[in-house]
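Notes for the one structure printed next.
The values are calculated or read from the model by the stated rules, or taken from the named source; none is laboratory data. Keep in mind the model is a prediction, meaning the values are calculated, not measured. Note that we place each Cβ from the backbone using ideal geometry, even for glycine, and neighbour counts take in every protein chain shown.
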Amino acid sequence: MKKYYLRFSWYVLRKVLLVLALFAALLAAFFIAMDTANVYVVVTDGLKARADAILVQQDDQQLSTYFDTAFLDADMQLKAQTYQAYTISDFIYHLDVESLWCQPWKGVAKVTVVESIPDMDAQMKNADEGEPDQEVVVPAWTRGRYVLTCYKQNNRWLIRTMELVGVLEPEPTPSPEPTDTPRPTGLTPAAPTPAAPTPAAPTPAAD
């Protein structure tokens with residue numbers, strides 16, 4: 001009887017441990033997925049905000065939402081003011097996240113991205129109105145592959161480093177969308193064929 005009781009107790013204990021292990025695995029997967037999603041948002045939104053600050057010369061105070069203070073202090077592109085002489089009204093921004101490895105238990109994440117700006121609308125600042133319109137040559141944005149390191153500080157993910165690991169060929173400038181307006185063919189449309197007359201119903205004979 002005692003032996004049977006021990007076997008039953010061990011069986012129940014194994015089931016409980018299995019359930020606890022499964023619950024712990026699901027809980028860990030949930031937190032990893034949540035932190036991975038947070039890192040993805042910080043990287044994609046943060047790099048787009050950084051491009052806005054560099055190109056459009058917008059207030060870069062919002063960058064502290066995505067970047068570590070040490071990163072902003074050392075970012076040479078933010079300080080270079082390469083596009084200060086231009087008014088950039090619009091640009092096409094591409095960001096491809098190639099890999100993302102998040103380790104919430106260490107509070108660190110590594111992200112590999114490819115960033116590019118294939119086209120932008122710009123004009124020179126303080127241009128004379130009497131001069132004819134000329135094509136403005138804007139310094140090209142380097143298309144490159146970057147490895148970013150993110151750290152979790154005060155329950156927030158921030159980008160701390162951004163390393164250029166490869167310069168890539170520029171993307172082709174996107175072509176305008178084709179229109180669906182039909183073009184004239186020069187052919188005279190055929191005249192419609194007249195419909196055959198419908199025969200009249202026979203008149204009933206009088207009794």
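Quick check on the range 27-39. Is at least one of its residues touching a residue at least 12 places away in the same chain (Cβ under 8 Å) and either closer than 27 Å to PRO139 by Cα or hydroxyl-bearing (Ser, Thr, Tyr) (or both)?
Yes, because at least one residue in the range 27-39 is touching a residue at least 12 places away in the same chain (Cβ under 8 Å) and either closer than 27 Å to PRO139 by Cα or hydroxyl-bearing (Ser, Thr, Tyr) (or both).
Please determine, by comparing only the residues of the range 116-146 that are in a strand (DSSP E or B) and closer than 14 Å to ILE54 by Cα, which one is modelled with the lowest pLDDT.
ALA122
Could you check the range 78-96 and list, in sequence order, the residues that are touching a helix residue (DSSP H, G or I) at 6+ places or on another chain (Cβ under 9 Å) and either in a loop (DSSP other than H, G, I, E, B) or surrounded by 15 or more Cβ atoms within 10 Å (Cβ to Cβ) (or both)?
LEU78, GLN81, THR82, TYR83, TYR86, ILE88, PHE91, TYR93, LEU95
When both residues are 6+ apart or on different chains and their Cβ atoms are under 8 Å apart, which pairs have a first residue that lies in the range 101-127 and is free of Cβ contacts under 8 Å to residues at least 12 places away in the same chain and closer than 27 Å to LYS152 by Cα, and a second that is charged (D, E, K, R) and surrounded by fewer than 16 Cβ atoms within 10 Å (Cβ to Cβ)?
Final answer for the pair search is TRP101/LYS110.
Of the conditions (1) of a type in the set (Ser, Thr, Tyr); (2) under 20 Å from the mean Cα position of the chain (by Cα); (3) at pLDDT below 85, SER99 fails just one. Which one is it?
(3)
Restricting to the range 153-165, name every residue that is in a strand (DSSP E or B) and at pLDDT below 95. Write out each step before concluding.
Of the residues in the range 153-165, the ones in a strand (DSSP E or B) are 153, 156-165.
Hits for the range 153-165 are GLN153, ARG156.
Considering only the range 48-77, how many residues are part of a helix (DSSP H, G or I), in contact (Cβ under 8 Å) with a residue 12 or more places away in the chain and either more than 13 Å from LEU148 (Cβ to Cβ) or in contact with a strand residue (DSSP E or B) (Cβ under 6 Å, 6 or more places away or on another chain) (or both)?
Filtering the range 48-77 for residues part of a helix (DSSP H, G or I) gives 48-55, 60-65, 69-74, 76-77.
Pick out the ones that are also in contact (Cβ under 8 Å) with a residue 12 or more places away in the chain and you get 48-51, 53-55, 60, 62-63, 65, 70-72, 77.
Now drop any that are not either more than 13 Å from LEU148 (Cβ to Cβ) or in contact with a strand residue (DSSP E or B) (Cβ under 6 Å, 6 or more places away or on another chain) (or both), which leaves 48-49, 51, 53-55, 60, 62-63, 65, 70-72, 77.
Within the range 48-77, residues that are part of a helix (DSSP H, G or I), in contact (Cβ under 8 Å) with a residue 12 or more places away in the chain and either more than 13 Å from LEU148 (Cβ to Cβ) or in contact with a strand residue (DSSP E or B) (Cβ under 6 Å, 6 or more places away or on another chain) (or both) number 14.
Determine whether LYS106 is at pLDDT 90 or above, surrounded by fewer than 12 Cβ atoms within 10 Å (Cβ to Cβ) and either in contact with a helix residue (DSSP H, G or I) (Cβ under 9 Å, 6 or more places away or on another chain) or not in a helix (DSSP H, G or I) (or both).
yes
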